[in-house]
Amino acid sequence: MGKVAPDAFINMPFLWVTGSANYYTVCSGSPTDYTTARTTNALAGIGITSGCFSIADDTSGRSLTISAKTSASITASGSALAVCILNTANSNLLYVTTCTEQYLVSGGTVDKLRMSSQAVMLGQ
């Protein structure tokens with residue numbers, strides 16, 4: 001008998017993220033915990049809601065996409081290497097992925113903050 005993973009099963013981790021996430025950061029380095037992602041390595045950040053996400057079929061399974069955010073305030077200068085999804089109410093780091101390296105300057109804004117559909121994917 002073959003293996004089957006229906007969409008409802010595959011969607012569970014995505015629903016956990018979308019139901020918990022409320023903040024998105026751009027970081028230097030690759031954070032492994034909440035404090036590093038929220039403060040130590042954070043270069044920019046912006047609030048998000050569950051409405052910022054969509055779950056859909058993808059060529060290799062299911063994907064979670066976050067809509068583009070604009071005008072995220074840059075609070076520290078440095079090379080952006082990762083983006084993080086956080087739950088600030090419970091101090092949880094929910095997800096980290098890499099981004100195209102770009103130098104950010106404090107006082108500016110990130111105007112195209114987006115995680116691609118390939119960033120969070122689960123195969124079926």
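The values are calculated or read from the model by the stated rules, or taken from the named source; none is laboratory data. Computed from a predicted structure; not experimentally measured. Every residue, glycine among them, receives a Cβ derived from its backbone with ideal geometry; neighbour counts consider all protein chains shown.
Select from region 64-90 the residues that are surrounded by fewer than 12 Cβ atoms within 10 Å (Cβ to Cβ) and more than 15 Å from W16 (Cα to Cα) and list them in ascending order.
Here is the first cut: in region 64-90, the ones surrounded by fewer than 12 Cβ atoms within 10 Å (Cβ to Cβ) are 68, 70-71, 89-90.
Listed by number, the residues that qualify are A68, T70, S71.
If you go through region 78-124, how many residues are closer than 28 Å to S60 by Cβ, of a type in the set (S, T, Y) and at pLDDT 85 or above?
Residues that pass the stated criteria total 4.
Filter region 52-63 down to the residues that are surrounded by 13 or more Cβ atoms within 10 Å (Cβ to Cβ), in a strand (DSSP E or B) and modelled with pLDDT of 85 or more and list them by number. Quick ask: steps written out before the conclusion?
Here is the first cut: in region 52-63, the residues surrounded by 13 or more Cβ atoms within 10 Å (Cβ to Cβ) are 52-55, 58, 61-63.
Narrowing further to those that are in a strand (DSSP E or B): 53-55, 58, 61-63.
Within region 52-63, F53, S54, I55 meet the criteria.
Tell me which residues, restricted to region 70-114, are of a type outside the set (G, A, S), touching a Ser or Thr at 6+ places or on another chain (Cβ under 8 Å) and assigned to a loop (DSSP other than H, G, I, E, B).
T70, T75, N90, V105, D111, K112
If you go through region 1-27, how many residues are surrounded by fewer than 20 Cβ atoms within 10 Å (Cβ to Cβ) and either of a type in the set (K, R) or in a loop (DSSP other than H, G, I, E, B) (or both)?
7
Can you tell me which residues in region 91-106 are under 16 Å from the mean Cα position of the chain (by Cα) and surrounded by 13 or more Cβ atoms within 10 Å (Cβ to Cβ)?
As a first pass, look at region 91-106 and keep what is under 16 Å from the mean Cα position of the chain (by Cα): 91-101.
The answer is N92, L93, L94, Y95, V96, T97, C99.
All but one of (1) hydroxyl-bearing (S, T, Y); (2) assigned to a strand (DSSP E or B); (3) under 30 Å from S106 (Cα atoms) hold for T36; which doesn't?
Here T36 meets the rest and fails (2).
Condition check: of a type outside the set (D, E) and either at pLDDT below 90 or within 15 Å of the chain's Cα centre (by Cα) (or both). Does T75 satisfy that?
Working: of a type outside the set (D, E): yes; either at pLDDT below 90 or within 15 Å of the chain's Cα centre (by Cα) (or both): no.
When the stated conditions are applied, T75 does not pass them.
List pairs: first in region 48-60 and of a type in the set (S, T, N, Q), second at pLDDT 90 or above and outside any strand (DSSP E or B), Cβ under 6 Å, 6+ apart or cross-chain?
Between residues of region 48-60 that are of a type in the set (S, T, N, Q) and residues that are at pLDDT 90 or above and outside any strand (DSSP E or B), the close pairs are S50/T18.
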